[in-house]
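For reference, the structure is listed below as structure tokens.
Since every read-out is calculated from the coordinates, none of them should be taken as a lab result. What you see is a predicted model, and the numbers here were worked out from it, not measured in a lab. Virtual Cβ from ideal backbone geometry, glycine too; neighbours counted across all protein chains shown.
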Amino acid sequence: MEDSFDLDLVLEFPATGVELSGGIREPKISVASFPGVEVGNELLLGSCMVCMDVFEVGSMAKQMPSCVHVYHEGCIHKWLQRDNSCPLCRCRILVKQ
């Protein structure tokens, strides 16, 4: 019997805010403000570590503001609805309030 992990299924669960001390809810993070990166060479960027698809040359990707990791915009948007950290290095994304 093979156990498998389906990231797409996990990302479809309803997003619930993380409850912090004092009843304050963590704000949602918008990827619109993240730096855009044009993919010039897929060998330099490799694949999106959320969906595991190779970046297409000429496409746009989003770079995390707290580290240099790059993801498809839709992928990182879904990820950040569940967790406010980089999927690869787990660096926390800080949001100005």
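Remark: the ARG82-LEU94 segment gains 2.9 nm on full extension, using 0.36 nm per residue and subtracting the alpha carbon distance. With each label modelled as a point 7 angstrom along the Cα→C-beta vector, the SER59-GLU38 pair spans 1.7 nm. For SER59, the residues whose modelled amide H falls within less than 5 Å of its own, excluding neighbours fewer than 5 places apart on the same chain, are VAL39.
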